[in-house]
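Following: one structure in structure tokens, then a few remarks.
The values are calculated or read from the model by the stated rules, or taken from the named source; none is laboratory data. Everything numeric here is computed off the predicted structure, so don't read it as measured data. Cβ atoms come from the backbone with ideal geometry, glycine included; neighbour counts cover every protein chain shown.
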Amino acid sequence: MRALAAARLAANPRRAYFQAALAVARFDARAELHAIRCQTLVIAGEQDQTVGFQAKQQLAQGIPGARLLSLPGSGHASPVDAHSAFNKALLEFLDSVENSA
């Protein structure tokens, strides 16, 4: 699965990929997080070298009522790195959202 994801990324034109990465790097909506009014789960790979845990903590703290879950053994691509734990956490979260409505 990781090889497939890498192949898909590599298939993108370099210029387009670079421009998309720049757009992501420049995007900053932290001042607006307080306006999010839906239940939110922030999933953090414990070994993520791309986006540090502190950034994910700040994200969860900025969203009222957000939950933060750290996945051991997972890096930046938690749905790939720890697919079973990620899917289980996501399904449990979605069940809790559905049951609270």
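Of the residues in segment 19-38, at least one is part of a helix (DSSP H, G or I), among the basic types (Lys, Arg) and over 20 Å from Ala5 (Cβ atoms). Under the condition of being closer than 12 Å to Gln58 by Cα and not basic (Lys, Arg), the residues counted in segment 24-38 number 4. Reported count of residues in segment 61-74, each being surrounded by 15 or more Cβ atoms within 10 Å (Cβ to Cβ) and either touching a Lys or Arg at 6+ places or on another chain (Cβ under 7 Å) or assigned to a loop (DSSP other than H, G, I, E, B) (or both), is 5. Against the condition over 22 Å from Ser84 (Cβ atoms), without any contact (Cβ under 8 Å) to a residue 40 or more places away in the chain, in a loop (DSSP other than H, G, I, E, B) and among the acidic types (Asp, Glu), how does Asp48 come out, does it pass? No: the conditions fail for Asp48.
If only residues of segment 1-18 that are in a loop (DSSP other than H, G, I, E, B), of a type outside the set (Gly, Ala, Ser) and without any contact (Cβ under 8 Å) to a residue 60 or more places away in the chain are counted, the one that is surrounded by the fewest Cβ atoms within 10 Å (Cβ to Cβ) is Pro13. The set of residues from segment 82-92 being surrounded by 13 or more Cβ atoms within 10 Å (Cβ to Cβ) and free of Cβ contacts under 8 Å to residues at least 40 places away in the same chain comprises Ala82, Ala85. When Ala44, Ala31, Ala7, Ala23 are checked against the criterion of being modelled with pLDDT under 95, of a type in the set (Gly, Ala, Ser) and more than 22 Å from Ser100 (Cα to Cα), a single residue qualifies: Ala7. In the set (1) in contact (Cβ under 8 Å) with a residue 12 or more places away in the chain; (2) surrounded by 14 or more Cβ atoms within 10 Å (Cβ to Cβ), the condition left unmet by Pro79 is number (1).
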